[in-house]
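Take a look at the structure set out below.
The values are calculated or read from the model by the stated rules, or taken from the named source; none is laboratory data. All figures in this text were calculated on a predicted structure; none of them were measured in a lab. Cβ atoms come from the backbone with ideal geometry, glycine included; neighbour counts cover every protein chain shown. Heavy atoms of the whole protein, side chains included, go into the accessibility calculation; ligands, DNA and RNA do not. Shrake-Rupley method; radii C 1.70, N 1.55, O 1.52, S 1.80 Å.
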Amino acid sequence: MDKTRRDFLKGTAWMGITAAAAGCMSKGFRLTPGGSMMGWADKPIEKLRVGVIGLGMRGPGAVHILAMIPGVEVIALCDKHPERVEQQQQWLRDNGHRPAPKTFSGEEGYKRLCEDDEIDLVYSATPWQLHVPIALYAMEHGKHVATEVPSAFTVEECWQLVETSERTRRHCIQLENCCYGEIEMLTLNMARKGLFGELKHAECAYIHDLRECCYQDPNVTKVGYGVSGYMDYWRLKWNNVHKGNQYPTHGLGPVCWYFDVNRGDRLDYLVSLESQAVGFRDYAGIMFPGTWKAGLKPQMGDMNTTLVKTVKGRSIMIQHDVSSPRPYSRINLVSGTRGILKDYPYQVAFSKKPGAGAHEWFTDAEAEALRKEHMHPLWKEAGDFAKIVGGHGGMDFLMILRLAYCLQNGLPPDMNVYDLATWCSICELSEKSVRSRSSSQDVPDFTRGAWKDARPVEITPVGLARMGFKSDSEIKSDSSQLSV
């Protein structure tokens with residue numbers, strides 16, 4: 001961060017203290033001296049009380065998962081639309097959860113929820129433009145916060161979240177569910193075991209045809225998804241004015257775990273370019289001729305490719321395409337000196353002996369044997385359970401389970417505010433690069449050097465029985481199978 005901004009922050013530091021003195025902070029919460037959040041853990045919260053904000057696409061699934069975790073209580077619900085709040089309140093009643101949660105609605109209902117002294121964790125599943133304001137307000141009022149992706153869109157916003165988290169000593173966690181996908185966690189486990197040798201390159205992506213979702217009338221239920229389109233067409237409007245990769249974290253998050261980014265390595269710089277923007281216009285011209293939708297000219301190129309170099313010399317390719325008729329893919333490829341793994345479809349290839357080549361993919365049987373042998377311990381413990389619960393094939397459940405487990409046991413969360421900032425900074429930096437003929441852009445060190453000594457992330461089983469979970473046969477399948 002440049003000196004001018006640091007001087008500005010020093011000059012305005014009094015504002016946080018003044019706000020606290022004026023009664024803007026929740027009762028019982030006191031500002032404490034700041035410091036790094038790397039490896040930091042709060043005292044155990046055995047009874048985790050959660051307030052959920054945003055009950056459109058992602059929020060309901062989160063409510064259902066949170067409500068089934070022993071020791072977790074959903075005590076508050078908030079959405080701009082009161083009918084959505086009523087629907088989830090009814091779901092909780094129908095499923096035996098008492099007492100009924102507090103309810104908030106309206107444009108600033110989230111503020112009243114964040115101000116509630118009984119809440120430990122604010123879970124934000126709102127449209128993108130609300131992620132940062134809600135996260136900042138929640139931390140300023142003494143709440144840990146978990147927010148949907150991307151959690152920020154500019155480098156400045158990333159710094160605001162980092163510095164507020166450090167000052168308030170509240171966790172600010174990005175809800176990157178793809179880090180908990182079965183193949184992603186398999187890849188992480190294999191990398192930790194050294195099966196790939198020295199890691200040197202990765203490829204990741206968010207390739208997902210979202211044209212129908214973006215242009216869908218928000219007031220019409222979408223067949224096949226069971227939800228309405230994006231409220232007020234917010235995602236279409238975002239793509240209409242932005243370039244670059246505005247949704248990098250689904251692919252990048254897992255890769256950063258493989259490469260120990262912010263925990264022994266860090267992202268150094270990037271370059272980005274993209275194709276012409278024709279996919280959205282072509283779709284709207286066919287489906288909505290003569291309407292305002294057909295008249296839009298979205299700026300976001302159909303395919304963005306961003307290349308990142310790490311301090312240790314590794315390379316990462318990140319792609320983004322939500323406007324082409326292509327099958328879904330996050331690629332999830334990692335390459336090392338001894339072998340390679342990729343997904344969509346899942347394939348592996350390894351040297352049969354030291355120094356030998358790997359010119360062909362393993363057979364399906366060989367690849368499946370490796371998958372079973374090296375399945376991540378968390379998936380071995382809870383994978384079948386997670387698939388029954390649902391939520392993107394179970395990854396939502398495992399993400400929320402680990403979040404609750406860490407907070408309940410006073411452990412550092414798997415993803416911290418530095419991960420959030422690093423992964424999300426790609427949004428602005430890739431756009432800057434695209435708009436300046438793919439110029440090189442430095443990625444800030446949000447850890448301020450702490451990455452050099454930080455330990456790699458360690459995801460361990462949680463002990464479902466010890467936590468008080470029912471057996472698999474007693475768990476009802478959840479319907480929150482929304483698109484990732």
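According to the Kirkwood expression over distinct Cα-Cα pairs, how big is the hydrodynamic radius of the chain, in Å?
Across the chain, the inverse of the average 1/r is 23.3 Å.
Mind checking the dipole of the stretch 312-436: about its Cα centre, +1 per Lys or Arg Cβ, -1 per Asp or Glu Cβ, Debye to the nearest 20?
400
In whole Å, what is the distance between the alpha-carbon centres of the stretch 238-296 and the stretch 392-431?
20
In the chain, carbon and sulfur make up what percent of the accessible area (probe 1.4 Å)?
Using a 1.4 Å probe with all protein chains present, the chain comes out at 52 percent carbon and sulfur.
Write down the Kirkwood hydrodynamic radius of the stretch 90-223, to one decimal in angstroms, obtained as one divided by the mean of 1/r over all alpha carbon pairs.
The Cα-based Kirkwood calculation yields 18.2 Å.
Restricting things to alpha carbons, find the Rg to Rh ratio for the stretch 339-385 using the Kirkwood radius for Rh.
With Rh from the inverse mean 1/r over Cα pairs, Rg/Rh is 1.05.
Please give every one of the aspartates and glutamates within straight-line cross-link reach of LYS312, meaning a C-alpha to C-alpha distance under 18 Å, and leave out same-chain neighbours fewer than 8 residues apart.
Filter leaves GLU198, GLU203, ASP260, ASP265, ASP268, ASP419, ASP442, ASP445, ASP453.
In Å, what is the Rg of the alpha-carbon atoms in the stretch 239-330, and how long is Dmax?
Expressed in Å, the Cα Rg and Dmax of the stretch 239-330 come to 16.2, 54.
Treating cross-link reach as a plain straight distance, find the aspartates and glutamates whose alpha-carbon is under 12 Å from the alpha-carbon of LYS297, omitting any fewer than eight places away in the same chain.
ASP282
Averaged per residue, what accessible area in Å² does the chain show with a 1.4 Å probe, protein chains only?
Details: 20330 Å² over 484 residues.
Heavy-atom accessible area per residue stands at 42 Å².
Taking Cα pairs under 8 Å and at least six residues apart, what relative contact order does the chain come out at, in percent?
After rounding, I find 21 percent.
Tell me, what is the FRET efficiency for ALA100 and THR460 to the nearest 0.05, using R0 = 41 angstrom and their Cβ-Cβ distance as r?
0.75
Under 20 Å from the Cα of LYS352, which lysines turn up, not counting those fewer than eight places away in the same chain?
LYS193, LYS200, LYS342, LYS372
Write down the percent of antiparallel bridges among all DSSP beta bridges whose residues are both part of the chain, to the nearest 5.
Given both bridge residues lie in the chain, the antiparallel proportion sits at roughly 50 percent.
Scattering from the C-alpha atoms of the stretch 25-125 alone, worked out with Debye: what is log10 I(q)/I(0) at q = 0.12, 0.18, 0.22, 0.23 1/Å?
Debye output, listed in q order: -0.42, -0.86, -1.15, -1.22.
Give me the Kirkwood hydrodynamic radius of the stretch 369-458, using the inverse of the mean 1/r over all pairs of distinct Cα atoms, in Å to one decimal.
Details: mean 1/r = 0.0615 Å⁻¹.
Evaluated over the stretch 369-458, this radius sits at 16.3 Å.
Contour minus end-to-end for ALA294 and GLN90, with contour as 0.36 nm per residue of separation and end-to-end as the Cα-Cα distance?
Additional length available on full extension: 69.5 nm.
I need the phi-derived Karplus couplings for the stretch 201-212: 6.51 cos²θ - 1.76 cosθ + 1.60, θ = phi - 60°, integer Hz, Gly and Pro marked x.
8, 9, 10, 8, 6, 10, 10, 7, 6, 10, 4, 5
Need one number: the % of Cα-Cα pairs in the stretch 199-297 sitting beyond the 23 Å mark.
Percentage above 23 Å: 42.
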